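J.: Take this structure, written in structure tokens, and hold onto it; I'll ask about it next.
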Amino acid sequence: MTLVMQPIRESSEALEQQVLNPLAARSAETRGRERPEALCSIRTAFQRDRDRILHSKAFRRLKHKTQMMIAPVGDHYRTRLTHSLEVSQVSRTVSRALRLNEDLTESIALAHDLGHPPFGHTGEHILDELSPTGFHHQEQGLRIVQVLEQLNLTQEVLDGMEGLTDSKPTFLTLEAQIVDVCDRMAYLHHDVEDARRAGLMQESDLPADIIQTLGHTRQERLDRMVLDIVTHSLEALNSDTPRIALSTEIQEAVMALRQWMFDHIYLAPNRLDQSSNVRRVITSLYEFYLSHPQAISGNLAPADADTYPHERRVLDYISGMTDRFALEAYQMYLLPSSNPGFSFTAGRVEVMP
Ligand code: MG
């Protein structure tokens with residue numbers, strides 16, 4: 001008996017044509033990849049991108065990278081990995097509700113933080129100061145998928161990963177807009193919870209007007225935000241300027257919550273003294289690897305990596321590190337063996353001088 005292969009990808013593409021909103025990105029109409037390649041017989045272009053991202057080394061490293069708590073000891077704190085999964089969940093819910101392309105949304109969400117260095121935004125800020133070329137996690141994310149791991153993703157996913165800049169004020173797709181909005185929803189939502197878990201705040205510290213608008217519990221807040229994005233985007237998709245939108249009321253409350261988190265948690269003095277520890281670790285490692293190229297190990301980059309300026313390799317290497325890899329390298333190369341190195345307490349790491 002001969003088995004006849006059903007054209008599975010083609011029928012998935014036809015299904016997209018039938019059921020998705022006319023404004024959705026369609027995998028059969030992708031702007032394509034940097035290097036042309038044969039189509040998959042089973043998966044659509046965006047499903048394939050999602051799988052490539054999931055199987056990348058950079059994705060696996062997210063599990064030990066800071067989200068908000070530096071090198072957290074407690075297992076329930078978010079890391080970059082669980083943050084990315086939560087962004088993916090919220091974004092997919094919104095995307096499916098709006099009948100936009102859930103596979104593209106998921107790919108962008110899983111990839112959106114691939115370029116984050118160890119120690120979150122503090123690490124990013126210090127690398128940016130140290131490097132003559134500067135450092136930004138979104139540019140690094142693109143460098144990982146285009147150069148270091150050569151995933152050959154579609155233009156639509158790359159566009160979502162790149163984010164918005166002064167020279168690029170809009171996204172190619174509504175799916176990228178969803179991830180952009182849901183990233184902010186997700187991190188505010190879970191950072192409140194993690195800050196509470198770490199004893200940095202109590203639920204009752206949140207200003208009453210924000211609670212009033214967004215909700216009293218974390219479930220209520222996430223539900224309300226998602227429902228708001230879906231209902232207002234449904235309206236906005238039918239307008240002359242189709243876009244992913246929040247109501248003014250929720251948008252303002254979200255901005256107020258964000259500001260409150262900056263003032264009371266992200267930039268609070270007990271976190272700022274953490275940044276001096278992070279500064280010491282990152283700066284010392286940067287100087288060390290600049291003068292000790294042989295210490296850069298592993299198959300970080302493709303074969304032509306030796307042709308990059310050494311400074312670029314150092315930046316790729318350090319930014320690729322997880323929090324714990326960076327701390328271990330610091331202890332191994334830069335502390336005398338008698339120095340215990342670090343002490344961990346919930347959400348904090350003390351670096352011994
Ligand atoms: Mg994020």
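The values are calculated or read from the model by the stated rules, or taken from the named source; none is laboratory data. Just so it is clear, the model here is predicted, and its values are computed rather than measured. Cβ placement follows ideal geometry from the backbone for every residue including glycine, while neighbour counts extend to all protein chains displayed. Protein only, heavy atoms only, side chains kept; ligands, DNA and RNA dropped before computing areas. Shrake-Rupley method; radii C 1.70, N 1.55, O 1.52, S 1.80 Å.
J.: Could you grab me the full set of residues in the range 233-248 that are free of Cβ contacts under 8 Å to residues at least 60 places away in the same chain, open to solvent by less than 60 Å² (accessible area, probe 1.4 Å) and not hydroxyl-bearing (Ser, Thr, Tyr)?
T.: Scanning the range 233-248 gives Ala236, Ala245.
J.: Could you list all residues from the range 223-232 that are open to solvent by less than 80 Å² (accessible area, probe 1.4 Å) and not hydrophobic (A, V, I, L, M, F, W, C)?
T.: Result: Asp228, Thr231, His232.
J.: Which one is surrounded by the fewest Cβ atoms within 10 Å (Cβ to Cβ) among residues in the range 249-270 that are touching a residue at least 40 places away in the same chain (Cβ under 8 Å) and within 21 Å of the chain's Cα centre (by Cα)?
T.: Arg258
J.: Go through the range 198-222 and give me each residue that's assigned to a helix (DSSP H, G or I) and either open to solvent by 70 Å² or more (accessible area, probe 1.4 Å) or among the acidic types (Asp, Glu) (or both).
T.: Residues satisfying the conditions are Glu203, Ser204, Asp205, Ala208, Asp209, Gln212, Arg218, Gln219, Glu220.
J.: Continuing with this model, one more query. What number of residues in the range 162-197 are more than 16 Å from the ligand (Cβ to nearest atom), assigned to a loop (DSSP other than H, G, I, E, B), surrounded by fewer than 22 Cβ atoms within 10 Å (Cβ to Cβ) and not acidic (Asp, Glu)?
T.: 4
J.: Let me ask something additional. Which residue is surrounded by the most Cβ atoms within 10 Å (Cβ to Cβ), if the candidates are limited to the range 101-127 and must be part of a helix (DSSP H, G or I) and within 13 Å of the ligand (Cβ to nearest atom)? Spell out how you get there, then give the answer.
T.: Narrowing the range 101-127 to residues part of a helix (DSSP H, G or I): 102-111, 120-127.
Subsequent filtering for residues that are within 13 Å of the ligand (Cβ to nearest atom) retains 108-111, 120-121, 124.
On the way: Ile108: 33, Ala109: 29, Leu110: 26, Ala111: 30, Gly120: 23, His121: 14, Glu124: 21.
So the residue we want is Ile108.
J.: Same structure, new question: Assess whether Asp159 counts as being open to solvent by 10 Å² or more (accessible area, probe 1.4 Å), more than 16 Å from the ligand (Cβ to nearest atom), part of a loop (DSSP other than H, G, I, E, B) and free of Cβ contacts under 8 Å to residues at least 24 places away in the same chain.
T.: no
J.: Leu130 fails exactly one of the following numbered conditions: (1) in contact (Cβ under 8 Å) with a residue 60 or more places away in the chain; (2) more than 11 Å from the ligand (Cβ to nearest atom); (3) buried (at least 21 other Cβ atoms within 10 Å of the Cβ). What is the number of that condition?
T.: (3)
J.: Among the residues of the range 7-37, write down those that are free of Cβ contacts under 8 Å to residues at least 24 places away in the same chain, open to solvent by 80 Å² or more (accessible area, probe 1.4 Å) and closer than 30 Å to Leu148 by Cα.
T.: Glu29, Pro36
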